[in-house]
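**Q** Got a structure here, written out as structure tokens. Questions coming.
The values are calculated or read from the model by the stated rules, or taken from the named source; none is laboratory data. Here the structure is a predicted model, which means the values were calculated and not measured. Please note: Cβ atoms are built from the backbone with ideal geometry, for glycine as well, and neighbour counts cover all protein chains shown.
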Amino acid sequence: MKTSLGLAIIYALLISSCTKDVNKTPAVVPTTVTPTIPVTYSLAWSDGFNGTALDTTKWIIENRNAGVNNELEYYLSSNLSVSNGNLVITAKKQTFGGQPYTSGKITTFGKFSQQYGRIEASIKMPQGAGMWPAFWMMGANVDIVNWPPCGEIDIIEHVNSDNTIYGTMHWNVNGHVSYGSTTTTTPENYHLYAVEWDTNSIRWYVDNTLYLTGNIAQNINGTDAFHLPFFIILNLAVGGNFPNTAVDDSKIPESMYVDYVRVYKAN
């Protein structure tokens, strides 16, 4: 479905006010989650990034300064490429639109969203100070309720050059609240990052190993936002509050490689 120019403009204005893992309000910690009955999944949507160009029937390409988190990049379509079966998002030392760096961001807003299921991607991260790659989702009603009431699910974020990765959920309870955790891996190699999401919980995995569970059963702790459809986002931010360090220009250009994105529905 083609998104209208008006909808794209509304989305750009609204999402420019969205933050992710910075200036967090103390989390509303979910209580114990009832174990989920094992389920099987069927593929609902995917992109294997084959060919030589991004499939714009599936993705919106952003060309703008996000204007959030004190980030230093301007997103341009020229920083996105598809080669060797990968989406490549590249951060460059390049002044544009008043920003000292350029990078890339794509979303499925207005083209695809889903409520519940398994959402996964195979990703290889950049490993330089100031890099902030992310694979995340936001409530598809952001154009109506704005952020944080729309909800946000950060499937994977990584900053700088350490081995820590972050999984986080953001929502609204009389203001922004969040809940999340970390684990370690080798982000410079390909890993499978995923969430499994149902009426009871959101569960975070790295290479199919569970490391975080957030309880959303019966809208506990105001988590009703997580019972609505969400859309997908991939981006490589540069600098900002979360990396909280100077960008290592000696390693730029740096790239985030995405082998595939797959979305499954529970059978």
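**Q** Every residue in the range 87-115 that is farther than 20 Å from residue 250 by Cα and either under 17 Å from the mean Cα position of the chain (by Cα) or at pLDDT below 95 (or both), please.
**A** Within the range 87-115, 87, 105, 106, 107, 108, 109, 110, 111, 112, 113, 114, 115 meet the criteria.
**Q** Read through the list (1) out of contact with any strand residue (DSSP E or B) (no Cβ under 7 Å at 6 or more places or on another chain); (2) without any contact (Cβ under 8 Å) to a residue 40 or more places away in the chain; (3) closer than 29 Å to residue 248 by Cα, then give the number of the only condition that residue 70 fails.
**A** (2)
**Q** Same structure again: I need every pair where a residue in the range 236-254 that is closer than 14 Å to residue 75 by Cα has its Cβ under 7 Å from the Cβ of a residue that is charged (D, E, K, R) and surrounded by 22 or more Cβ atoms within 10 Å (Cβ to Cβ), sequence separation at least 6 or different chains.
**A** Partner pairs satisfying both residue conditions: 237/71; 237/73; 238/71; 238/73; 239/71.
**Q** OK, next. Any idea which of 235, 200, 267, 215 is modelled with pLDDT under 95 and within 22 Å of residue 115 (Cα to Cα)?
**A** 267
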